[in-house]
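Laboratory data are not the source of any read-out in this text; all were calculated from the coordinates shown. The shown structure was predicted, so the numbers you read here are calculated from the model rather than taken from an experiment. Virtual Cβ from ideal backbone geometry, glycine too; neighbours counted across all protein chains shown.
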Amino acid sequence: MRKTIIAGLAGLAAVQVWANSFGLKPGLWETRIVKMVVDGQDKTGMMSDAASKMQAAMANMPPEQRARMEAMMKDRGGPSMGADGATRICVSPELASQEKPFTGKDEHCQPVSMTRDGNRASYTVNCSFNGDTTTGKGETTSTGDLISTKMDMTTKKASGETHQRHIETEMKFLGADCGGVQPIMPPKAGQ
């Protein structure tokens with residue numbers, strides 16, 4: 001189940017990567033996985049259940065422990081997670097104004113190609129991390145304050161395992177005020 005959650009988070013990261021410079025504006029966004037299929041098995045419900053269990057575990061923590069956990073997530077730039085499995089991220093003005101896609105703080109993914117046609121962008125991606133490689137293609141559609149993404153990815157692990165994923169996500173703009181959610185900043189030159 002943990003691997004499935006990681007795969008889902010990778011899909012969310014992909015949304016953040018490719019939505020940038022394509023309707024992404026500064027402020028608070030709610031991101032959710034609409035559909036996730038891993039190696040031919042629908043894992044959408046499992047993701048929602050895992051998010052609910054995490055929320056329940058956090059709610060049952062003593063107040064001091066919950067505060068430490070929330071502070072740790074906030075300090076690390078982690079998203080704020082809602083009870084329904086949606087995450088909230090804060091897009092900084094610096095990130096929203098970038099011309100190139102944001103591929104995460106560690107820049108493990110590189111865009112291979114990207115084309116635009118109206119409110120739709122199609123792309124391919126190539127990622128490498130700890131000996132694993134992920135290649136894929138996707139499509140992002142921007143309609144006002146909603147950005148929808150569909151991605152098909154193949155991951156080849158250093159161990160030789162291969163996994164297929166299909167992920168559909170949505171990002172909805174909630175407003176310019178991020179509240180207590182720490183903004184995602186693009187890496188500084190040379191980092």
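Quick notes on this structure:
- Site pair LEU146 and THR133 shows an inter-label distance of 3.7 nm when each label is modelled 7 Å from Cα along Cα→Cβ.
- Theoretical FRET efficiency, 1/(1+(r/R0)^6), r = Cβ-Cβ of MET46 and SER97, R0 30 Å, to 0.05: 0.25
- Across LYS35/LYS172; LYS43/LYS156; LYS35/LYS156; LYS35/LYS137; LYS43/LYS157; LYS137/LYS172, pairs whose alpha-carbon gap is larger than 18 Å: LYS43/LYS156; LYS35/LYS156; LYS43/LYS157; LYS137/LYS172
- Label-point separation in nm, LYS157 to VAL34, each point 7 Å along Cα→Cβ: 3.0
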